[in-house]
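Okay, structure first, notes after.
The values are calculated or read from the model by the stated rules, or taken from the named source; none is laboratory data. Small disclaimer: the values here were computed from a predicted structure and weren't measured. As a convention, Cβ positions derive from the backbone with ideal geometry for all residues, glycine included, and neighbour counts pool all protein chains shown.
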């Protein structure tokens, strides 16, 4: 089902690789591959944009990608690193770890389920960061477009809420007094 793809650069100065799972049938026939160019995540030509990456998330690119001629609404949700957590003041950063292959599969399932519930939505981007993040860095981006705002808002809220409950991504908080896993974690459940 999954395989890694490595594309050869077209020019010697290009550092291009297509990597990550190429999954047949992901998101109701909207399969795609995750593209990285100079370490920056790039959108697919079509379908849903699903990625878990160690590079900064390209929020402006995702917003532009989701904006189509049929989209009357584009909703963007960004989860950013803040300076406190439940019971912990002075948070200075976070580290995210993921079971990447399963996380990508679950993110695709979230997008598929959102499309089932809101069939009018046009594009969905679900992007999550891994690695060390500083204060105000974007950890997660959800971008949903649709002809009308109600569907875009509802689908985006569903995507972020379901993502947090179903995708195997873990957060480690760092503060002056130490470092430990986030206290608000709950068991990962199935999508749907």
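At a glance:
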item: Residue within region 175-192 that is exposed (fewer than 15 other Cβ atoms within 10 Å of the Cβ), in contact (Cβ under 8 Å) with a residue 60 or more places away in the chain, in contact with a helix residue (DSSP H, G or I) (Cβ under 7 Å, 6 or more places away or on another chain) and assigned to a loop (DSSP other than H, G, I, E, B) present; result: yes
item: When residues of region 71-92 are limited to those that are closer than 26 Å to residue 145 by Cβ and part of a strand (DSSP E or B), the one farthest from the chain's Cα centre (by Cα); result: 73
item: Residue match in region 144-166 (condition: in a strand (DSSP E or B), closer than 15 Å to residue 96 by Cβ and either under 17 Å from the mean Cα position of the chain (by Cα) or at pLDDT below 95 (or both)); result: no
item: Odd one out for residue 32, checked against (1) buried (at least 19 other Cβ atoms within 10 Å of the Cβ); (2) in contact with a helix residue (DSSP H, G or I) (Cβ under 9 Å, 6 or more places away or on another chain); (3) modelled with pLDDT of 95 or more; result: (3)
item: Residue satisfying condition, being under 25 Å from residue 191 (Cβ atoms), at pLDDT 95 or above and surrounded by fewer than 21 Cβ atoms within 10 Å (Cβ to Cβ), within set 124, 76, 104; result: 76
item: Which listed residue is in a helix (DSSP H, G or I) and touching a residue at least 60 places away in the same chain (Cβ under 8 Å), from 63, 95, 68; result: 63
